[in-house]
Amino acid sequence: MNHESSSASVPSWRITLSDLDWDTEEEEAALRVIRSRWVTMGAETHAFEEEFAAALGARHAIAVANGTAALHLAALALGLGAGADVAQPAVNFVAAANVTALIGARPVFGDIQSLADPTLDPRDLEARLTPTTRAVVVMHYGGAGCAMDEIVALARRRGLAVIEDACHGVGAWYRGKALGTLGDIGCFSFFSNKNLAIGEGGMLTTGDNALAARLRELRSHGMTTLTWDRHRGHASTYDVTAHGFNYRIDEIRAAIGRVQLRKLAAGNARRRALAREYRRLVKEEFSSLLKSGWIFPELGAAGDEASHHLFVAVAPDAVSRQHAADRLRAAGIQTSLHYPFIPAFSAFARTLGESGPTAEADLPRASQFCRRVLTLPLHPRLLPGDVRLVLAALAAQS
Ligand SMILES: *Cc1c(COP(=O)(O)O)cnc(C)c1O
């Protein structure tokens, strides 16, 4: 159920939560790099960045080691740190909140729109802004754009930076623009269960030349030239102009990422068709679920622009969620929880201290959602018959 173990138990499941859509193309890409004997920061990484930027219509794309590294560099490049409040949704993977705490800033958690739309509520967000709020992190839950028009307008009015945690939304669109290109910096993950899956990997996107230069500098020790440049004879020495990290991707991963990028649109379309099948069957054959209080958030169902990273159901209450998860497990169907309520994690109770929200009461919709949400299997290799099996297990009386 946790982030690291999503594929550890694959063999025992009849229907897995996610699956790698890999074949001989990914194998050949990796082999090509291994045989070339140039395995870090070279032609594959450069091509992956160029192709990713072109696919999204982004000016700059910067490949990194993982999505969390992307979020960390985004925060640092925007100058966030001690004394800054960073507003962000309480319903998110913990990475953005951890990064916020680790740079010495304070996460201020905002509530979600509703149980059917678990993205940041712009009105609630505005009410939580403080004189020291410097940035907003948004998260496009399930790969459907959150209320970006309202949030970006609010951020511009209040002089706040906008970081998009677009880890669910690779290859998704919002009013004609790619998710991750609507704010100041977009952050993507290519973890093994994401729509574009490498194993580990990530990407940053930005339209700002100075931010792009800063992100590249921080990605590689703050060094002014790279091994690649020196290898090509473009430079012989370097300066260190900032305290940076090694957050680079490697050539093997970049090559696999390029294959996955070519498959992305078809994979997202397949996910969309399966999400529609879930929705059709709920309405036509399993409406007992709706009558007993289950909610199926739309997550981009109306248009064809979402990436459909997740298909989630919201149980009538926490107890029925547990019973449903147990029923599905007994039927060999893997589920997950996206996500536990961040302010309730012990590390955040410590971080937030006395000034933190009395979590549940302060964030009523987010805390309800986190108690009741259940993530159902969705990936490009799922079959329509699998969707029926999942819903049948969900609807069966225990
Ligand atoms: C996966 C994910 C991350 C973290 O990405 P990693 O590549 O695992 O570091 C952050 N935010 C969200 C919303 C994610 O889904």
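Have a look at 165, 208, 239 and point out the one that is within 19 Å of the chain's Cα centre (by Cα) and among the charged types (D, E, K, R).
165
Taking the stated definitions as given, is residue 86 part of a strand (DSSP E or B) and either open to solvent by 10 Å² or more (accessible area, probe 1.4 Å) or within 16 Å of the ligand (Cβ to nearest atom) (or both)?
Yes: the conditions hold for residue 86.
Could you give me the residue pairs with C-beta distances under 7 Å whose first residue belongs to region 63-87 and is under 14 Å from residue 202 (Cβ atoms), whose second residue is among the hydroxyl-bearing types (Ser, Thr, Tyr) and within 11 Å of the ligand (Cβ to nearest atom) wherever it lies, and which are 6+ apart or on separate chains?
Once the first residue is under 14 Å from residue 202 (Cβ atoms) and sits in region 63-87, its partners that are among the hydroxyl-bearing types (Ser, Thr, Tyr) and within 11 Å of the ligand (Cβ to nearest atom) give 64/247; 65/247; 66/189; 67/189; 69/247; 73/247.
What pairs can you find where one residue is in region 196-214 and closer than 22 Å to residue 27 by Cα, the other is open to solvent by 20 Å² or more (accessible area, probe 1.4 Å) and near the ligand (Cβ under 10 Å from one of its atoms), and their Cβ atoms are less than 6 Å apart, with a gap of 6+ or different chains?
Qualifying pairs under 6 Å: 199/192; 200/66; 202/66.
In region 312-346, which residues are closer than 16 Å to residue 389 by Cβ, in contact with a Leu (Cβ under 8 Å, 6 or more places away or on another chain) and hydrophobic (A, V, I, L, M, F, W, C)?
Within region 312-346, 313, 324, 325, 328, 331, 333 meet the criteria.
Can you tell me which residues in region 155-204 are surrounded by fewer than 19 Cβ atoms within 10 Å (Cβ to Cβ) and away from the ligand (no atom under 11 Å from the Cβ)?
Hits for region 155-204 are 156, 157, 158, 159, 175, 176, 177.
Hey, among 28, 51, which residue is without any contact (Cβ under 8 Å) to a residue 24 or more places away in the chain and away from the ligand (no atom under 16 Å from the Cβ)?
Result: 28 is the single residue among 28, 51 that is without any contact (Cβ under 8 Å) to a residue 24 or more places away in the chain and away from the ligand (no atom under 16 Å from the Cβ).
Taking region 54-68 on its own, how many of its residues are within 16 Å of the ligand (Cβ to nearest atom) and basic (Lys, Arg)?
Result for region 54-68: 0.
Could you please tell me which pairs satisfy a Cβ distance under 7 Å, a separation of 6+ or placement on different chains, a first residue in region 372-386 that is farther than 14 Å from residue 142 by Cβ and touching a residue at least 24 places away in the same chain (Cβ under 8 Å), and a second residue that is outside any helix (DSSP H, G or I) and open to solvent by 30 Å² or more (accessible area, probe 1.4 Å)?
Listed pairs, sorted by first residue: 372/317; 380/21; 381/19; 381/21.
Across region 45-75, what is the number of residues that are more than 15 Å from the chain's Cα centre (by Cα) and over 19 Å from residue 182 (Cα atoms)?
The total comes to 4.
In this structure, is residue 222 touching a Ser or Thr at 6+ places or on another chain (Cβ under 7 Å), more than 18 Å from residue 166 (Cβ to Cβ) and open to solvent by less than 60 Å² (accessible area, probe 1.4 Å)?
yes
Quick check on my filter: what residues within region 1-30 are at pLDDT 60 or above, over 17 Å from the mean Cα position of the chain (by Cα) and not in a helix (DSSP H, G or I)?
Listed by number, the residues that qualify are 13, 14, 15, 16, 21, 22, 23.
Can you name every residue in region 263-308 that is open to solvent by less than 50 Å² (accessible area, probe 1.4 Å), in contact (Cβ under 8 Å) with a residue 40 or more places away in the chain and within 18 Å of residue 194 (Cβ to Cβ)?
263, 264, 267, 268, 271, 274, 275, 299, 300, 306, 307, 308
For region 50-65, how many residues are open to solvent by 50 Å² or more (accessible area, probe 1.4 Å) and farther than 22 Å from residue 174 by Cβ?
1
Which residue is nearest to the ligand (Cβ to nearest atom), if the candidates are limited to region 303-342 and must be more than 19 Å from residue 114 (Cβ to Cβ) and modelled with pLDDT under 95?
305
The values are calculated or read from the model by the stated rules, or taken from the named source; none is laboratory data. Please read all numbers here as calculations on a predicted model, not as lab measurements. Backbone-built Cβ (ideal geometry, glycine too); neighbour counts: all protein chains shown. The area values use the complete protein model at the heavy-atom level, side chains included, leaving out ligands, DNA and RNA. Shrake-Rupley method; radii C 1.70, N 1.55, O 1.52, S 1.80 Å.
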